[in-house]
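To start, the structure under review is shown below, and the notes come after it.
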Amino acid sequence: MVWKPKIILGGICGAAIIGVISIFDRWCLQRLSTAPVDLTFFFLALAIVLSIFIVVLMVYLLYGLLSLSYILDRNGLVIRWGPLRQVVPMGNIERIVPAEAVHVPMRFYGVAWPGYRVGRGYVKGLGSLHVYATCPLRDQLLVITPSQVYGISPSDPQAFLTDFDRRAGLGLVHRMEQITHRSAWASMPIWTDRQAQALIFAGFLINLWLVAYICNAYPELPHILPLHFDSLGEVDRVGERAELFILPLIGWIVQMFDTLAGLLLHPRQTAGSYLLFVVAVLVQALLWAAVATIVL
């Protein structure tokens, strides 16, 4: 049987957060339309970029909320959340109890807003906790196994417990393995490769820093600048100061290309993906040197 949690409150709050971010973005865009290019301009633009990432994350979390369900049969429990499937065999479930009946310290770390909880934690004496619920921890049901504890929130907890007791007495048809199934993109090794993540982050951060540097220097720069020097160090091309932004744009394109290519290569050839990530960082450094030569 498929049990669903109550998702209305969590969905409304998630949509409200996205709405507030949209209003903030509109305000930033209005400010940008009249603001001069300086460090304030940079931070306004950065706020919009970061808010886009936050909205994407919010949409992902709402997708998880809308898909959240608990599939219970005589073989076990499957918790479905977004791209994840937590499989809990019936034979591994020691008991399912209301969290308020477990009188031990519990900790939760993850996403939490009214009507939504997803993340991890710890229950003293019972082990690590995985939460996929729509109510506070103390109002959840705890599915206790020898190695893990799962926090869930079916819409009718008492009926769920009755259904569990009935199905547990039926006996197994086939054995299940206690495992987490992920979709193809969610199981990519890049999500656990901290070194690769650090290189990708460094490339984007250096590029962003370069844009901030240009914005900060922009008001003091002459309208016409020397943009290129020949082999003898003589100026052979001049242009408007706005053309300086072409250099971080080139860096951003290189960073995006190398990142995407590296992500595709990473599962099969990790060393090759690392080379692409390092090259992207080096390109950002070279562009920094070029901008510094022009501006200083």
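The values are calculated or read from the model by the stated rules, or taken from the named source; none is laboratory data. Since the model is a prediction, treat every value here as computed from it, not as a measurement. FYI the Cβ positions are ideal-geometry reconstructions off the backbone, even for glycines, and counts take in every protein chain you see.
Overview of values
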{"quantity": "One residue from Pro36, Pro5 being in a loop (DSSP other than H, G, I, E, B) and within 24 Å of the chain's Cα centre (by Cα)", "calculated": "Pro5"}
{"quantity": "Segment 126-135: number of residues that are closer than 23 Å to Pro83 by Cα and either of a type in the set (Gly, Ala, Ser) or surrounded by fewer than 15 Cβ atoms within 10 Å (Cβ to Cβ) (or both)", "calculated": "2"}
{"quantity": "Residues of segment 256-274 satisfying the condition of being surrounded by 14 or more Cβ atoms within 10 Å (Cβ to Cβ), closer than 30 Å to Ile294 by Cα and either in contact with a Leu (Cβ under 9 Å, 6 or more places away or on another chain) or at pLDDT below 95 (or both)", "calculated": "Asp258, Thr259"}
{"quantity": "Residue check, Ser33 polar (S, T, N, Q), assigned by TED's automatic domain parsing to the domain that holds Arg175 and in contact (Cβ under 8 Å) with a residue 12 or more places away in the chain", "calculated": "no"}
{"quantity": "Strands (runs of 3 or more DSSP E) (entirely within segment 118-205) containing at least 3 residues that are of a type outside the set (Phe, Trp, Tyr), out of contact with any Pro (no Cβ under 7 Å at 6 or more places or on another chain) and at pLDDT below 90", "calculated": "179-182"}
{"quantity": "Residue under evaluation Ser51, criteria (1) in a strand (DSSP E or B); (2) surrounded by 14 or more Cβ atoms within 10 Å (Cβ to Cβ); (3) of a type outside the set (A, V, I, L, M), criterion not met", "calculated": "(1)"}
{"quantity": "Single condition Ala290 does not satisfy, out of (1) part of a helix (DSSP H, G or I); (2) surrounded by fewer than 14 Cβ atoms within 10 Å (Cβ to Cβ)", "calculated": "(2)"}
{"quantity": "Ile200 in the same structural domain as Leu249 (by TED's automatic domain parsing), in contact with a Phe, Trp or Tyr (Cβ under 8 Å, 6 or more places away or on another chain) and hydrophobic (A, V, I, L, M, F, W, C)", "calculated": "yes"}
{"quantity": "Segment 145-159: number of residues that are crowded, with 21+ Cβ neighbours inside 10 Å and among the hydrophobic types (A, V, I, L, M, F, W, C)", "calculated": "2"}
{"quantity": "Scan of segment 91-114 for residues that are at pLDDT below 90 and either at positive phi or in a loop (DSSP other than H, G, I, E, B) (or both), ordered by number", "calculated": "Val102, His103, Val104, Pro105"}
{"quantity": "Residue ID - surrounded by the most Cβ atoms within 10 Å (Cβ to Cβ), chosen from residues in segment 111-123 that are touching a strand residue (DSSP E or B) at 6+ places or on another chain (Cβ under 7 Å) and more than 14 Å from Met58 (Cβ to Cβ)", "calculated": "Arg117"}
